[in-house]
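Below you'll find the structure, written out as structure tokens, and then a few comments.
The values are calculated or read from the model by the stated rules, or taken from the named source; none is laboratory data. Bear in mind the structure is a predicted one, so any value in this text is a computation, not a measurement. Cβ: placed from backbone, ideal geometry, glycine included. Neighbour counts: every protein chain shown.
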Amino acid sequence: MKAACLAVLLMSLVVSAPGLCQSNELSKKEGATSASSVYTDLAPGKCKVIKFVKEGASSTRLCSGPAGYKLLTEDDDERMSVTVVTPGGKRHPLNFWQLITPHFSSLGKKAEWRITKKNGKLVPIALIVRVNAYEQPDTDKVTSYLAVAKITSETICVTDRIKPGPVSNVEAKRAADSAANKPCLAEPASAADVKVPGLK
């Protein structure tokens, strides 16, 4: 009986050992993502018109983003895309009309930035934008894709095209958080240093 009690006591000491608790907590932290989301409103009234061509009804609007980033929403021939503008003013076209859908399209109401913190500063690592495609002529049926783009110091480009589904939002976040090491769906257009009207 004494031997059994001693064994139970020793087991309880091992289970409650500080080193093991710390290891368990550490593994939880290592498995968790540190990314969170902030949003940019893409509604026309929330973004500044910087270019409008009446013939063809094409337009470009400038929308504010986190950490000095901006988005240009582009509407041309009833097809829409986005260009990411870095804090330094370089433009990175995402070319949704080639990579997501060539059909008539519109953008979702908000763009989702996946961000982390580095040295106390917000650092965008990816962008998620909903692209509503009208792929069936003469109908109002919409196919809603989620475009995922990575944001690194070297490259900003589309890495994933998430098809509609019950867990597409979860899939998009997962894809965004691991996008840094993924290849681009196509070679990104070279970042342009040319000034955009209305953009400082």
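Could you tell me which numbered condition residue 78 fails, if it satisfies all but one of (1) at pLDDT 95 or above; (2) closer than 24 Å to residue 162 by Cβ; (3) surrounded by fewer than 14 Cβ atoms within 10 Å (Cβ to Cβ)?
Every listed condition holds for residue 78 apart from (1).
For the list (1) surrounded by 13 or more Cβ atoms within 10 Å (Cβ to Cβ); (2) under 27 Å from residue 164 (Cα atoms); (3) within 14 Å of the chain's Cα centre (by Cα), I need the number of the one condition that residue 69 fails.
(2)
Tell me which residues, restricted to the range 49-74, are at pLDDT 95 or above and in a loop (DSSP other than H, G, I, E, B).
Correct list: 65, 69.
For the range 75-118, give me each residue that is in a helix (DSSP H, G or I), under 19 Å from residue 137 (Cα atoms) and either free of Cβ contacts under 8 Å to residues at least 24 places away in the same chain or aliphatic (A, V, I, L, M) (or both).
Correct list: 97 only.
Spot the failing condition for residue 100; the list is (1) β-branched (Val, Ile, Thr); (2) modelled with pLDDT of 95 or more; (3) surrounded by fewer than 20 Cβ atoms within 10 Å (Cβ to Cβ), and only one is missed.
The number of the failed condition is (3).
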